[in-house]
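First up is the structure itself, then whatever we jot down about it.
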Amino acid sequence: MSTHLIYIGLGSNSADGARVMADAVERLAALAHGEVACSSLQRTEAIDFPWPCEFFNQVVSVRTSMHLSTFKATLKRIEREAGRTAADTQRGIVPLDLDILIVDGRVVRPQDCKRPYILAALQELHMPKRSSKPTLSSTSSDTLSSL
């Protein structure tokens, strides 16, 4: 059975976001049979929000044998179970956001991977150097490949 190495960006602008994210990491660990690594929890200013607020952010790597579409659906279920709704998201309330950033060395959210806090978290997790660069703009590719 093949496995996938997946890097996930976690975020929350909830007052208890650190707890919500810790619960999500526990759930991810169960999905990955314990093969999880976590970056440090960071506080960052919101990006592309209509008003200023802070987010808790973290990057987690998991190794899983789940089919990718099943894994993605499971992340969405974890978000909903943490209280995320479409209406709240439209109002800027994000109890939990789980975004797949990189799958098996392939960047799937290039804009997110350009953000300094994500680059720092990936470096903290010692994302292995790739012999072929991820598909990004040259600046982001060079930064990611140097990790």
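The values are calculated or read from the model by the stated rules, or taken from the named source; none is laboratory data. On a predicted model such as this, the values are computed, not experimentally measured, just so you know. Virtual Cβ from ideal backbone geometry, glycine too; neighbours counted across all protein chains shown.
Okay, residues lined up against (1) touching a strand residue (DSSP E or B) at 6+ places or on another chain (Cβ under 6 Å); (2) modelled with pLDDT under 90; (3) surrounded by 18 or more Cβ atoms within 10 Å (Cβ to Cβ):
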{"site": "Leu101", "(1), (2), (3)": "yes, no, yes"}
{"site": "Asp104", "(1), (2), (3)": "yes, no, no"}
{"site": "Gln111", "(1), (2), (3)": "no, no, no"}
{"site": "Ala120", "(1), (2), (3)": "no, no, no"}
{"site": "His126", "(1), (2), (3)": "no, yes, no"}
{"site": "Thr139", "(1), (2), (3)": "no, yes, no"}
Among the residues of segment 2-17, is there at least one that is of a type in the set (A, V, I, L, M, F, W, C), exposed (fewer than 12 other Cβ atoms within 10 Å of the Cβ) and assigned to a helix (DSSP H, G or I)? no
List every residue pair whose Cβ atoms sit under 7 Å apart, with the two residues 6 or more apart in sequence or on different chains, where the first one lies in segment 19-31 and is of a type outside the set (A, V, I, L, M, F, W, C) and the second, anywhere, is part of a helix (DSSP H, G or I) and at pLDDT 95 or above. Arg27/Ile78
Within segment 68-84, is even one residue under 16 Å from Asp99 (Cα atoms), in contact with a Pro (Cβ under 7 Å, 6 or more places away or on another chain) and charged (D, E, K, R)? yes
Mind checking which residues of segment 38-82 are assigned to a loop (DSSP other than H, G, I, E, B), aromatic (Phe, Trp, Tyr) and surrounded by 12 or more Cβ atoms within 10 Å (Cβ to Cβ)? Phe49
Applying the selection to segment 26-35, what residues are aliphatic (A, V, I, L, M), modelled with pLDDT of 90 or more and surrounded by fewer than 19 Cβ atoms within 10 Å (Cβ to Cβ)? Ala29
Here the residues within segment 85-119 that are over 23 Å from His67 (Cβ atoms), in contact (Cβ under 8 Å) with a residue 40 or more places away in the chain and part of a helix (DSSP H, G or I) are Tyr117, Ile118
